[in-house]
Amino acid sequence: MRKLLFILLLSSWNGAELYRIYHLLKKKRLLFDDHFTLVICMTISMLTSFLFTMYFILLFPGFYGASLLFGAGVGWNFGKLLRNPAQLNGLYNGAIGGAMGTMLGAVLQNPALCRIPVESAAAMDLSAIPFAASCFYACILLSIRYSLRI
Amino acid sequence: MKEVTLLYLLTIDILLCGILFVYVFRRKKWVGIQLGMNISQAMGGVAALLAGIVLILAFPFHFSLITITSAAIGAAAGAAFGLLFDYQTCLAGVTNGFMVGIMAPMLGSVLDMPGQIILFVHGLFLFCFLFIIISIQRS
């Protein structure tokens, strides 16, 4: 129960960050050139769909198809926001990130899927990998915000 | 395979990555923006793949620590190769390295015949190495 609350806290933190950067990109999207749009769309759709599908699987175990669709939808939305060359790239990277996040969430819930030895399954805690991933996500969003400025 | 052999292999890979980094660093004015982006993505991904698979086969009892370590190695390799060129290239390399580094220990721990896949991944690494050098010399 405490682990679920911790994951809920992490996901709300990342969701707030994502909301802020979505509105920033929406305000400034006319200033970008093509290459920059491609890089931003790839980075943000891949990491966002990866992280949020992992949280989704950890919170609601068993809904694999819904989380894949959720990842593809995140990529499609960011591509639609940033327009022309980025839309296909956003859909593709969102689907890839969604598949990876689903797999990581399923392995974290049931370590026997990966043949991790039983003695170390108790030592493997559920919250270390999501915590590291969410810290990394916050760093990447900060660096995107910095790259808008230069 | 023995742990010592795996760690020797990892050392050789780190040396090869260093050699490639020095090579690209000396010729970075010849390299355009597209080739730079491809170099940083490819090297981040391959470094993360090698580190994840070899480390999880050497120490199979520390899954979460090795996942975080290999993700950090991939992100650092992508950032180091990307910062030679541009800030956006660095961003792309970091993301790709992190993503492959999260997945690689999961792949390494389900293998039943690890020797073949280690051979295959090292072949992929050497192929990328040669291909990057050839495409830098052509540009």
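The values are calculated or read from the model by the stated rules, or taken from the named source; none is laboratory data. It should be emphasised that the depicted structure is a prediction, and the values quoted were computed from it without experimental measurement. Every residue, glycine as well, gets a Cβ built from its backbone with ideal geometry; the counts of neighbours run over all protein chains shown. SASA here: full protein model, heavy atoms, side chains in, ligands and nucleic acids out. Shrake-Rupley method; radii C 1.70, N 1.55, O 1.52, S 1.80 Å.
What the table below lists for this structure:
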| read-out | value |
| --- | --- |
| B:SER70 vs. criteria over 22 Å from A:MET103 (Cα atoms), at pLDDT 90 or above, of a type in the set (S, T, N, Q) and under 13 Å from the mean Cα position of the chain (by Cα) | no |
| Selection from region B:43-88 of residues that are surrounded by 24 or more Cβ atoms within 10 Å (Cβ to Cβ), facing chain A (nearest Cβ under 8 Å) and in contact (Cβ under 8 Å) with a residue 40 or more places away in the chain | B:PHE63 |
| Qualifying positions in region A:1-31 - more than 16 Å from A:PHE52 (Cβ to Cβ) and in contact with a Lys or Arg (Cβ under 9 Å, 6 or more places away or on another chain) | A:LEU24, A:ARG29 |
| Test: residue in region A:1-20 that is acidic (Asp, Glu), more than 21 Å from A:PHE131 (Cβ to Cβ) and either open to solvent by 60 Å² or more (accessible area, probe 1.4 Å) or within 14 Å of the chain's Cα centre (by Cα) (or both) | no |
| Where B:VAL31 falls short, out of the listed (1) surrounded by 20 or more Cβ atoms within 10 Å (Cβ to Cβ); (2) β-branched (Val, Ile, Thr); (3) not in a helix (DSSP H, G or I) | (1) |
| Which listed residue, of A:SER120, A:SER143, is within 11 Å of chain B (Cβ to nearest Cβ), in a helix (DSSP H, G or I) and at pLDDT below 80 | A:SER120 |
| Given (1) open to solvent by 80 Å² or more (accessible area, probe 1.4 Å); (2) closer than 21 Å to B:SER40 by Cβ, index of the condition A:PHE63 fails | (2) |
